[in-house]
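**Q** Sending over a structure as structure tokens; questions will come in a sec.
The values are calculated or read from the model by the stated rules, or taken from the named source; none is laboratory data. Treat the numbers as computed from the prediction; the structure is a model and nothing was measured. In this analysis, Cβ positions are derived from the backbone assuming ideal geometry, glycine residues included, and neighbour counts consider all displayed protein chains. To get the accessible areas, we keep the full protein, side chains included, count just its heavy atoms, and leave off ligands, DNA and RNA. Shrake-Rupley method; radii C 1.70, N 1.55, O 1.52, S 1.80 Å.
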Amino acid sequence: MHRVIETVAAAAPEIRGGLAGRRVYDTAENPSGEQQLAADVYADDLLEERILALDSVAAYASEEREEMTVASDEGLHVACDPLDGSSNLKSNNAMGTIVGVYDTPLPAPGRDLVASAFVLYGPITTMTVAHEGEVTEYVIDDDGETTAVTEALTLPSEPVVYGFGGRVPDWPDAFESYAREIERELKLRYGGAMIADVNQVLEYGGIFAYPGLDSAPNGKLRLQFEGNPIAHVVETAGGASSDGEQSLLDVEPDGLHQRVPVHVGNESLVDRLEAVLA
Ligand code: F6P
Ligand code: MN
């Protein structure tokens, strides 16, 4: 496993263990204007310290801090969403940690990812990793040790589930007409933490989207910390990703915290979406 990903796995039990006492809102907002929970700040500080301690890492960036922390001139550039879906902490629903390991300075296109992964804090702690052209799902034990449970993971060819974020009245008409078709074909599964919702798509096949909205044409999710790593995992597992027009991995970034519409899942469903949005 990639060193950076191993480090995130090792930190996962500590992140999980620190959640119970940190369900309160902090006074600060993150660079996207979202109120931070104490748990967001805790996970971000822990990951920054552990990841920057690696000699191979030049810089650490996260959704929870405006500027990246640069440790050296050369090496890997790591982008984290320390606690994706952390608003689920209050209601005790699933959440995750997302990591993207880029070999070029950030902001970088998803094509520059050398590895990506997400930890899912569900009833068990799992980690899904895309590295060297393969996706592997691991179980992480209480000591941060990993055991591979699914190798060469691929999306099932027959899609079953869908989950779309954003309020329906805020969906552009074209997306709404697509959603009306999909809801007749697939089963709704939406929990409000992207990572958990995408993991259902990886497991059962289907499509997840947080589309561009009338009030926010670039949607909610962030390209460097969420869109790119998730697209890398889903595409490596044989699925597809799109910002509405092209693979998320081909989006040219223009800012560290920029948002992007995210659609990921079975290729046939993503192709249909692009045809409707065109
Ligand atoms: O990181 C942002 C996030 O928490 C995602 O995990 C999730 O998909 C989305 O926000 C949920 O947003 P909403 O509350 O608008 O459904
Ligand atoms: Mn997130």
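**Q** Output the residue which, of all residues in the range 105-120 that are assigned to a loop (DSSP other than H, G, I, E, B) and not small (G, A, S), is surrounded by the fewest Cβ atoms within 10 Å (Cβ to Cβ).
**A** Checking each candidate, the answer is P105.
**Q** Out of the range 250-271, which residues are closer than 13 Å to A108 by Cβ and buried (at least 17 other Cβ atoms within 10 Å of the Cβ)?
**A** V251, P253, L256
**Q** Can you name every one of the strands (runs of 3 or more DSSP E) wholly within the range 121-160 that holds 3 or more residues which are modelled with pLDDT of 95 or more and open to solvent by 20 Å² or more (accessible area, probe 1.4 Å)?
**A** 134-140, 146-150
**Q** For the range 76-87: of the residues being at pLDDT 95 or above and either of a type in the set (D, E, K, R) or within 14 Å of Y190 (Cβ to Cβ) (or both), which is surrounded by the fewest Cβ atoms within 10 Å (Cβ to Cβ)?
**A** Within the range 76-87, the match that is surrounded by the fewest Cβ atoms within 10 Å (Cβ to Cβ) is G85.
**Q** Looking at S62, is it within 16 Å of ligand 1 (Cβ to nearest atom), among the small types (G, A, S) and over 15 Å from A193 (Cα atoms)?
**A** Against the criterion (within 16 Å of ligand 1 (Cβ to nearest atom), among the small types (G, A, S) and over 15 Å from A193 (Cα atoms)), S62 qualifies.
**Q** Run down G255, G163 and say which single residue is assigned to a loop (DSSP other than H, G, I, E, B) and either at pLDDT 95 or above or away from ligand 2 (no atom under 16 Å from the Cβ) (or both).
**A** G255
**Q** Of all residues in the range 204-235, which are touching a Ser or Thr at 6+ places or on another chain (Cβ under 9 Å), of a type in the set (D, E, K, R) and away from ligand 1 (no atom under 11 Å from the Cβ)?
**A** Passing the criteria: only E235.
**Q** If I filter the range 66-81 for residues that are among the hydrophobic types (A, V, I, L, M, F, W, C), farther than 22 Å from N228 by Cβ and not assigned by TED's automatic domain parsing to the domain that holds H257, do I get at least one hit?
**A** No: zero hits.
**Q** Please find, among P211, P217, the residue that is of a type outside the set (D, E) and surrounded by fewer than 24 Cβ atoms within 10 Å (Cβ to Cβ).
**A** Among P211, P217, only P217 is of a type outside the set (D, E) and surrounded by fewer than 24 Cβ atoms within 10 Å (Cβ to Cβ).
**Q** Please find, among Y121, Y138, the residue that is farther than 18 Å from G100 by Cβ and in contact (Cβ under 8 Å) with a residue 24 or more places away in the chain.
**A** From the options Y121, Y138, the qualifying one is Y121.
**Q** OK, next. Please specify each residue of the range 161-178 satisfying the condition of being more than 14 Å from ligand 1 (Cβ to nearest atom) and open to solvent by less than 80 Å² (accessible area, probe 1.4 Å).
**A** Result: V161, P172, A174, F175, E176, S177, Y178.
**Q** Might you check whether a residue that is in a helix (DSSP H, G or I), among the aliphatic types (A, V, I, L, M) and within 15 Å of ligand 2 (Cβ to nearest atom) occurs anywhere in the range 234-243?
**A** No; the residues of the range 234-243 include none that is in a helix (DSSP H, G or I), among the aliphatic types (A, V, I, L, M) and within 15 Å of ligand 2 (Cβ to nearest atom).
**Q** Something else: Go through the range 70-104 and count every residue that is away from ligand 2 (no atom under 16 Å from the Cβ), touching a Ser or Thr at 6+ places or on another chain (Cβ under 6 Å) and part of a strand (DSSP E or B).
**A** Number of matching residues: 1.
**Q** Sticking with this one: List the number of the failed condition for G192; all other conditions in (1) in contact with a strand residue (DSSP E or B) (Cβ under 7 Å, 6 or more places away or on another chain); (2) within 14 Å of ligand 2 (Cβ to nearest atom) hold.
**A** Condition (1) is where G192 drops out.
**Q** While we're looking at this one, here's another question. In this structure, is A193 open to solvent by less than 10 Å² (accessible area, probe 1.4 Å), of a type in the set (A, V, I, L, M) and within 13 Å of ligand 1 (Cβ to nearest atom)?
**A** For A193, the condition - open to solvent by less than 10 Å² (accessible area, probe 1.4 Å), of a type in the set (A, V, I, L, M) and within 13 Å of ligand 1 (Cβ to nearest atom) - is met.
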